[in-house]
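Student: This is the structure I have questions about; it appears just below.
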Amino acid sequence: MIIDQKENTSIITQQKATSVELVKKIQALYPKFKNNNIIVALTSLDTISTEEVVEFLQISKTHRAAKHSFVIVSSKIDIDKAPEVLAIVPTLQEAHDLIEMEVMERDLGF
């Protein structure tokens, strides 16, 4: 797991861990970046099952309840089968764009 910090966004890149292990690591380190927007880049995985994606559901809900963005980046996830409450985009640029839009919405009171 690699963590990059860019302004108010933490980018967590998965390297070798399974989704379950990655979620556990994120939860353990959560106090470190709980006040930032979070991007989880799963681009190194060949395939990602719906069950693996669901592992991120609780931490995403917690983070969004704190008025921060939580975005998963992967082009291998079947978005039609993933929970709608998860923000999933195929590229890192789209993750940054989505966060920018969500920040604007929060600033406007939505």
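The values are calculated or read from the model by the stated rules, or taken from the named source; none is laboratory data. Small disclaimer: the values here were computed from a predicted structure and weren't measured. In this analysis, Cβ positions are derived from the backbone assuming ideal geometry, glycine residues included, and neighbour counts consider all displayed protein chains.
Student: I'm checking my understanding of the structure. Among residues of segment 27-55 that are assigned to a strand (DSSP E or B) and of a type in the set (A, V, I, L, M), which one is surrounded by the fewest Cβ atoms within 10 Å (Cβ to Cβ)?
Tutor: In this case the residue turns out to be ALA41.
Student: Of ALA17, ALA66, which residue is small (Gly, Ala, Ser) and closer than 16 Å to VAL103 by Cβ?
Tutor: Matching residue, one of ALA17, ALA66: ALA66.
Student: Select, from ILE99, ILE11, the only residue that is surrounded by 19 or more Cβ atoms within 10 Å (Cβ to Cβ) and in contact with an Asp or Glu (Cβ under 6 Å, 6 or more places away or on another chain).
Tutor: After applying the criteria, what remains is ILE11.
Student: If I go through segment 82-92 residue by residue, how many of them are over 13 Å from the mean Cα position of the chain (by Cα) and at pLDDT 95 or above?
Tutor: 0
Student: Residues in segment 56-95 that are surrounded by fewer than 18 Cβ atoms within 10 Å (Cβ to Cβ) and either in a helix (DSSP H, G or I) or not small (Gly, Ala, Ser) (or both): how many?
Tutor: Final tally of qualifying residues: 21.
For (1) under 18 Å from PRO90 (Cα atoms); (2) more than 14 Å from the chain's Cα centre (by Cα), each residue gets a yes or a no:
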residue	(1), (2)
MET1	no, no
GLU7	no, yes
ILE12	yes, no
SER19	yes, no
LYS32	no, yes
VAL40	yes, no
SER44	yes, yes
VAL54	yes, no
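Student: Now for a different question. Please go through segment 1-26 and pick out each residue that is assigned to a loop (DSSP other than H, G, I, E, B) and over 19 Å from LYS67 (Cβ atoms).
Tutor: MET1, GLN14, GLN15, LYS16, ALA17, THR18
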